[in-house]
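What follows is a single structure, written as structure tokens, with notes after it.
The values are calculated or read from the model by the stated rules, or taken from the named source; none is laboratory data. Everything numeric here is computed off the predicted structure, so don't read it as measured data. Quick reminder, even Gly has a Cβ in these numbers, built from the backbone with ideal geometry, and neighbours come from all protein chains shown.
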Amino acid sequence: MVAEADSSPSPPQTSRRRRLADWAYRLATEGQSPGAQATAIGLGVFIGATPFYGLHIIMVLLVARLAGLSRVKMLAASMISNPLFAPFLVWAELQVGNRLLRGRWFPMVPADLEVTSLWHLSADLLVGALVVGGALGMVSGLVIWWWIPRGVEANERRRKVELAAERFLDVGLLEWWRSRRELCGNPQLAQRVSEGEFAPGGRFLDLGCGNGALLSLALEVEENRASRDFTGVTLNAEAARNGRVALGPKVSIEVGDPAVWPLPPADTIVVWYSKRRNAPNVDERLVKRMYEALGPGGVAVVAGSGGRFPIAKSEGLDDLENLFEAVGFVVERAPRLPHDLHRSRLVVARKDG
């Protein structure tokens, strides 16, 4: 009698896939402090500006290894010597090098070019690369240093976002990357959820939750609170399956239309626009349903990024606030965080109780 073949994936294959995902994850998340990121970008630009073509990758990997910096960011920054930009970069380096070594600018017209030895040309290029590359690297590093939020709160938010997104490695590296990008796309919402500000008990309901990235962040904050209920609703069945695998039984993700899904009693209801979440538009009908579902002191949160909000195109934030106030909410429009290039915004409506 022949035994039936087992169609389930073998443990070694699953183990290899997870090891590969873990390796890529470590590669993508190394050197995440603001100083390390700024240094990696600055050194990457400087190395990319040097005339050692063909050796940039080796130089980047060696420096990143010795300094404990992000290899991915340094490699990306070293691509400044790409075919589109390299001719202008080399010309600027020749000009600066010739000016510093010989006190004159490099001839601009081919007819005026003098016969120059390869040694002199190499010396001009090397000296010019040190100056031009150093200046470009310093400016690039300072821009990154200015752009990345710093401080205790920002560092703690980054830490919790990384932990929340890491859960999705069980699904795959791409799902981890999507979840991390989504949470980073609204730092204001991530900051306040990571601080446990919104209704620290009861049910946390996410309408249009996608794969549950925000639920994962809320779960990370409330890991030890057994009484907390995390529920999400999404139109995307595949995203719901991925979220269930990543987040486990502590989170319930339902497949349905968030605009008409019957709202259970809740303490926090979030509607967050992003391209992957299929969040419902916040209209008068939904606001009334949210008000009825929330208990005393409950919070309705409406978030947007990239200049987009889950509201009709003909309406603005003032219309949204008036809609919540007309139902009986007390409304807070949170100011934008500094250096937020995602243009994320947040409206928080609290039910008196």
Among the listed residues Glu325, Glu332, identify the single one that is assigned to a strand (DSSP E or B) and acidic (Asp, Glu).
Glu332
What about Ser10, is it of a type in the set (Gly, Ala, Ser), modelled with pLDDT under 90, more than 28 Å from Trp146 (Cβ to Cβ) and loosely packed, with under 10 Cβ neighbours inside 10 Å?
yes
Flag if Lys288 is buried (at least 17 other Cβ atoms within 10 Å of the Cβ) and more than 28 Å from Ser179 (Cβ to Cβ)
no
Answer yes if at least one residue in the stretch 269-276 is in a loop (DSSP other than H, G, I, E, B), in contact with a Phe, Trp or Tyr (Cβ under 7 Å, 6 or more places away or on another chain) and of a type in the set (Phe, Trp, Tyr), and no otherwise.
yes
Only one of (1) without any contact (Cβ under 8 Å) to a residue 60 or more places away in the chain; (2) surrounded by 15 or more Cβ atoms within 10 Å (Cβ to Cβ) is not met by Pro280, so which one is it?
(1)
Return the total of residues in the stretch 192-220 being in contact with a Pro (Cβ under 7 Å, 6 or more places away or on another chain) and charged (D, E, K, R).
1
Counted residues, the stretch 229-238 - those being of a type in the set (Gly, Ala, Ser) and surrounded by 23 or more Cβ atoms within 10 Å (Cβ to Cβ)
1
Selection within the stretch 312-337 - more than 16 Å from Leu189 (Cβ to Cβ) and modelled with pLDDT under 85
Ala312, Lys313, Ser314, Glu315, Gly316, Asp318
List, please: which pairs have Cβ atoms under 6 Å, are six or more places apart or on different chains, and start with a residue in the stretch 12-33 that is acidic (Asp, Glu) and end with one that is at pLDDT 80 or above?
Glu30/Ser70
When every residue in the stretch 63-73 that is crowded, with 18+ Cβ neighbours inside 10 Å and of a type outside the set (A, V, I, L, M) is compared, the one nearest to Ser33 (Cα to Cα) is Ser70
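Which is surrounded by 19 or more Cβ atoms within 10 Å (Cβ to Cβ), hydrophobic (A, V, I, L, M, F, W, C) and under 14 Å from Gly133 (Cα atoms), of Val45, Val60, Val90?
Working: Val60 fails: under 14 Å from Gly133 (Cα atoms); Val90 fails: surrounded by 19 or more Cβ atoms within 10 Å (Cβ to Cβ).
Val45 is the lone residue from the list that is surrounded by 19 or more Cβ atoms within 10 Å (Cβ to Cβ), hydrophobic (A, V, I, L, M, F, W, C) and under 14 Å from Gly133 (Cα atoms).
Go over the candidates Arg203, Arg241, Arg167 one by one and state the one that is out of contact with any helix residue (DSSP H, G or I) (no Cβ under 7 Å at 6 or more places or on another chain), buried (at least 20 other Cβ atoms within 10 Å of the Cβ) and among the charged types (D, E, K, R). Step through it out loud before you land on a result.
Working: Arg241 fails: buried (at least 20 other Cβ atoms within 10 Å of the Cβ); Arg167 fails: out of contact with any helix residue (DSSP H, G or I) (no Cβ under 7 Å at 6 or more places or on another chain).
Every option except Arg203 fails the conditions.
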Return the residues of the stretch 172-191 that are more than 15 Å from Pro149 (Cα to Cα), assigned to a helix (DSSP H, G or I) and not hydrophobic (A, V, I, L, M, F, W, C); say none if nothing qualifies.
Glu175, Arg178, Ser179, Arg180, Arg181, Glu182
Just one listed residue, out of Leu173, Leu183, is under 18 Å from Leu27 (Cα atoms), touching a helix residue (DSSP H, G or I) at 6+ places or on another chain (Cβ under 7 Å), of a type outside the set (S, T, N, Q) and crowded, with 17+ Cβ neighbours inside 10 Å, and it is Leu173
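Go through the stretch 310-328 and count every residue that is in contact with a helix residue (DSSP H, G or I) (Cβ under 7 Å, 6 or more places away or on another chain) and at negative phi. I'd like the intermediate steps shown before the answer.
Of the residues in the stretch 310-328, the ones in contact with a helix residue (DSSP H, G or I) (Cβ under 7 Å, 6 or more places away or on another chain) are 311, 323-324, 327-328.
In the following step, the residues that additionally are at negative phi were identified as 311, 323-324, 327.
Qualifying residue count for the region: 4.
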When you scan the stretch 142-156, do you find a residue that is touching a helix residue (DSSP H, G or I) at 6+ places or on another chain (Cβ under 7 Å), of a type in the set (Val, Ile, Thr) and surrounded by fewer than 22 Cβ atoms within 10 Å (Cβ to Cβ), even just one?
yes
Looking at Pro296 and the list (1) under 30 Å from Pro149 (Cα atoms); (2) in contact with a Gly (Cβ under 8 Å, 6 or more places away or on another chain); (3) surrounded by fewer than 15 Cβ atoms within 10 Å (Cβ to Cβ), which single condition is not satisfied?
(1)
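Take the residues in the stretch 184-209 that are at pLDDT 90 or above and of a type outside the set (D, E, K, R); name whichever of them is farthest from Val255 (Cα to Cα).
Going through the qualifying residues, I end up with Phe204.
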